[in-house]
Amino acid sequence: MEAYGHVAHRVGLGVLFVWFGLLKPFGYKTTTSLLAHTIYFGDPDVMVPILGWWEVAIGLCLLIRPLNRLGLMLLTIRLPGTLLAFILLPDVCFTDGNPLIPTPEGQYLVKDLVLFTAAMIIGGTLREERAPRVFH
């Protein structure tokens, strides 16, 4: 686990971001489109595909080790959208306004927060001295 755990964690997270990100620009509705409604500077029909491609970029950066720092920066920029949804749309994120009972959309956003904390662990491994490799 010590030898491969962090690599598996990073690759798994990268694949997840690419997979879920690609759903959006190809017209499959996901609960992340909720984020597009919390960003007021654009039409959701435009913002959802942009968010999708942003997630694809995060995933690709996590998959290619020399780009990990860029991927973590892109993820950090995306995080406020997740937090804003909880604040601006509590009726969509929580059942009966109870913050202990998230709706399916709220559960998806809670998962985003867990993914962000998982990415922090990846960030903690970036300073390790290693020979430059693409995936390891």
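The values are calculated or read from the model by the stated rules, or taken from the named source; none is laboratory data. Computed from a predicted model, the values in this text were never measured in an experiment. With ideal geometry, Cβ positions are generated from the backbone for all residues, glycine too; neighbour counts draw on all protein chains shown.
The residue that is farthest from ALA8 (Cα to Cα), among those in segment 109-123 that are out of contact with any helix residue (DSSP H, G or I) (no Cβ under 9 Å at 6 or more places or on another chain) and either modelled with pLDDT under 85 or not hydrophobic (A, V, I, L, M, F, W, C) (or both), is LYS111. In this structure, does GLY52 turn out to be of a type in the set (Gly, Ala, Ser), surrounded by 16 or more Cβ atoms within 10 Å (Cβ to Cβ), touching a Lys or Arg at 6+ places or on another chain (Cβ under 9 Å) and under 22 Å from PRO25 (Cβ atoms)? Considered against the rule, which asks whether it is of a type in the set (Gly, Ala, Ser), surrounded by 16 or more Cβ atoms within 10 Å (Cβ to Cβ), touching a Lys or Arg at 6+ places or on another chain (Cβ under 9 Å) and under 22 Å from PRO25 (Cβ atoms), GLY52 comes out as yes.
For segment 76-108, residues that are more than 26 Å from LEU13 (Cβ to Cβ) and assigned to a helix (DSSP H, G or I) total 6.
Suppose we keep only residues that are touching a Ser or Thr at 6+ places or on another chain (Cβ under 7 Å) and of a type in the set (Val, Ile, Thr) within segment 65-108. Which one would you say is modelled with the lowest pLDDT? In this case the residue turns out to be VAL92. Within segment 41-64, being outside any helix (DSSP H, G or I) and either modelled with pLDDT of 90 or more or not acidic (Asp, Glu) (or both) holds for PHE41, GLY42, ILE64.
Taking the conditions (1) at pLDDT 85 or above; (2) buried (at least 17 other Cβ atoms within 10 Å of the Cβ) in turn, THR32 satisfies each one other than (1).
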